[in-house]
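Remarks on the structure that follows.
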Amino acid sequence: MAAAPRAEPAVDGPPAPGPKDADGRTAPRPPVLRLLARPEVGVFLGALAVLVFFLAAAPSLRQGSSMATVLYQSSTIGIMALPVALLMIGGEFDLSSGVAVITSALTASMLSYQLTVNVWTGVAVALVLSLAIGALNGWMVVRTGLPSFLVTLGTFLILQGVNLAVTKLVTDNVATDDISDMDGFAAARRIFASTVDIGGVQVNITVFYWLAFAALATWVLLRTRYGNWIFAVGGSKESARAVGVPVDFTKITLFTLVGFGGWFMGMHNLFSFNTVQSGEGVGQELIYIAAAVIGGCLLTGGYGSAIGPVFGAFMFGMVNQGIVFAGWNPDWFKAFLGVMLLGAVLINLWVQRTATRR
């Protein structure tokens, strides 16, 4: 007869670790590191440093009117930097954005003046033209497969030449005629170039448009399917296309958004100064791209935010006006700006490395 099996003695204490405790997963990252991983945190720190520096160096900047001037300067860059940043997140560039602003303003001004029509007619035609230029840039990029750098460089040269040549042909001058006495001008000026009184300080309306566009762009990026498409096509358009993302549509609409930004800023320039210089806008595209890059957008695409370029544009505005209020030689502006931008990039890089370090 077989012996009965012996009962195992009871063992006190916690059970030995099982597979669930050793599955290789790491502990959740601290909230501070998750915050530092955001693309806009680095440029926020850089913008804060620039603000503190100039508030100490130029006491007159502490006045409300002075800060309103800084915000206005920042908004004229920031409004265009936003669609440029979205385009960069989508993996593309637009080197024609600077002169496209002037093209839009010249179209509205000359069409209204030469045909003696209500200025809103010129505004509407300029909008259609600006959207068409943006869409054409996007269409050529997706259809030809050429780098957007080359396509938009060609558009830049074309628009630069057309702006000068057509303006001289039509007006016999390098600037358009004054349209301030034409029908519809006052209403258009209230929309595109008026000021808002806040506690006795006159704040240009572009500041409010700038912040509203930034909030809208942030919502689109983080809360909509289209925002997911932007990140997907910027990260890898082949992978995005494989999972059903409309890559061509996304890229074309991003270029079209840049066209819309160019139209809006063109209208602001026109109704602020009543006339437009045809040779302006050259070099502004680099400012827009720089504000986006400083704001955390990668040159390779697929990464960035809409808030970061807001701080990037603010840095440009603060440096531009801060040098004036500090009474320094404006010839040092470019050098000082380069130092500040490089410092902001290094801060952004340090923050990202700190955030990803275990």
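Remarks
- Per-peptide packing, taken as the mean over residues of other Cβ atoms within 10 Å, places 192-204, 86-98, 132-144 in the sequence 86-98, 132-144, 192-204 from highest down.
- Pairwise FRET efficiency - A132 versus L216, Cβ, R0 = 25 Å, nearest 0.05: 0.65
- Rough spin-label spacing in nm, given labels placed 7 Å along Cα→Cβ, for I198 and V166: 3.6 nm
- Tail fraction, Cα-Cα pairs, region 218-308, threshold 24 Å, whole percent: 33 percent
- Once both labels are positioned 7 Å from their Cα atoms along Cα-to-Cβ, the gap between L346 and V52 label points is 1.7 nm.
- Sorted on the mean count of surrounding Cβ atoms within 10 Å across their residues, most packed first, peptides 306-319, 166-179 read 306-319, 166-179.
- Amide proton proximity set for N204, modelled H, under 5 Å, gap of 5+: V196
- Both numbers refer to the Cα atoms of region 77-159; Rg and Dmax are 14.1, 43 Å.
Throughout, read-outs are computed from the coordinates displayed, never taken from laboratory work. These numbers were taken from a predicted model, which means no experiment stands behind them. Every residue, glycine among them, receives a Cβ derived from its backbone with ideal geometry; neighbour counts consider all protein chains shown.
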